[in-house]
Each structure stands twice: as structure tokens, then as C-alpha cells.
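Comments concern the structure below.
The values are calculated or read from the model by the stated rules, or taken from the named source; none is laboratory data. The structure presented is a predicted model; accordingly, all values stated were derived computationally and were not measured. Note that we place each Cβ from the backbone using ideal geometry, even for glycine, and neighbour counts take in every protein chain shown.
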Amino acid sequence: MSFNELVHPKVLAPASGDIVLPPGFGGGPSTGSTKSKKAEPVKKPSETEMDQLKVKKAWEIATSPAKSIPMNLIMSYMTGNSLQMIPIMMTLMLLWNPIRAIFTETGAAFQDLTNDRIANELLLPKVVFILCHLANTGIGVWKLNKMGLVPNSEADWLAWKDAVKVVERLVYSGN
């Protein structure tokens, strides 16, 4: 390839002169004149459409706590079962935050969406919202049980029963 070909490339003319414009590009170049069509105003959604959108938004709000369940499970598993500051604080937050959200945020989260026409349709999203938060609380209770802080044997409740002693042993099989 020579320098002349780079500076002055051969441009082939199209075989047919009629090239179909893609959809939406049929008007030609805009000259800024007022001859073009005026944009039609967007129609306001009807009440039933707005109610459907509100129910859809309610379901988005209801399932939003479920998005944190996998991360809470992973974090609970990864922090271990020892009685240290980080696992205990994380477990207490797993218990406290969902319970607080159930009692304080349930009404506030759905308040802007509620009207007389869809009040019954918003009942199920509220229940799902509460169940998702209870699932997060369940993760906290599971973590407390793994840490040994949930009383689940007879000795935890009855004074005359002896506590089960866990035998721990270390086996060294080195040379």
C-alpha cells in the first residue's frame, strides 16, 4: 500500500442510489424549521393504570428485604461461632433491625401507595414484607443457636440437670 492510496483512497459509489433509512430516521436532516410535526402530548395514565403501577411498586418494596437474605447467610457463616465482638454484634443487628423494620417501616413504606381502591391488594405485599424481615430474624436466631446462646437442652431450663460437657481433644500426629 502506497502513501498515495492512504491519502486518496478509492471510494466506490453504491450500486443502487436508494438506501432505505432505518426506522425513526425518515425525516431527513433537521433544519430547525417549524414545518416538522409537533410532538403529541403524553396522555395522563388512567386511575386503573396508576393502581396497577402502585401494586407493582408495592411488590418491589415487599421483596426488597429478601435481597439481603443471601448476604446475611454468607456473613453469618463466615464470621464463625465463637463468642467474640464482631459475631455477637452482627447477630444482634440481625435480630434488631428486622424487628424494628416490621414495627416502624411497614406502614411508612406502603403509605404513599395506599388508596381505597387497592387497599386489599396491598395486604399481600405487606405480609411478604414482614415475612422477608422475619427470615432475616430467623438467620439471627440460627446464628445464636450455632454460637450456643439459645437454651435448647433440659439442663438450660432445669436446675437439677447437669449440663452436657463437651469433650474437646487435640490430636497431634506429628513425628
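Can you find even one residue in segment 29-43 that is modelled with pLDDT of 90 or more, surrounded by fewer than 11 Cβ atoms within 10 Å (Cβ to Cβ) and out of contact with any helix residue (DSSP H, G or I) (no Cβ under 8 Å at 6 or more places or on another chain)?
Of segment 29-43, the ones modelled with pLDDT of 90 or more are none.
No, the conditions are met nowhere in segment 29-43.
More than 30 Å from MET50 (Cα to Cα), hydroxyl-bearing (Ser, Thr, Tyr) and free of Cβ contacts under 8 Å to residues at least 24 places away in the same chain - does that describe any residue in segment 159-172?
There is at least one residue in segment 159-172 that is more than 30 Å from MET50 (Cα to Cα), hydroxyl-bearing (Ser, Thr, Tyr) and free of Cβ contacts under 8 Å to residues at least 24 places away in the same chain.
Restricting attention to segment 118-147, which residues are modelled with pLDDT under 95 and exposed (fewer than 13 other Cβ atoms within 10 Å of the Cβ)?
ALA119, ASN120, LEU123
Which members of segment 83-102 meet the condition of being exposed (fewer than 13 other Cβ atoms within 10 Å of the Cβ) and under 21 Å from LYS67 (Cβ atoms)? Steps first, answer last, please.
At the first step, the residues of segment 83-102 found to be exposed (fewer than 13 other Cβ atoms within 10 Å of the Cβ) are 83-86, 89, 96, 100.
Correct list: TRP96, ARG100.
Would you pick out the residues in segment 138-158 that are in a helix (DSSP H, G or I) and either closer than 21 Å to GLY80 by Cβ or in contact (Cβ under 8 Å) with a residue 60 or more places away in the chain (or both)?
Taking segment 138-158 first, the residues in a helix (DSSP H, G or I) are 138-147, 154-157.
Scanning segment 138-158 gives GLY138, ILE139, GLY140, VAL141, TRP142, LYS143, LEU144, ASN145, LYS146, MET147.
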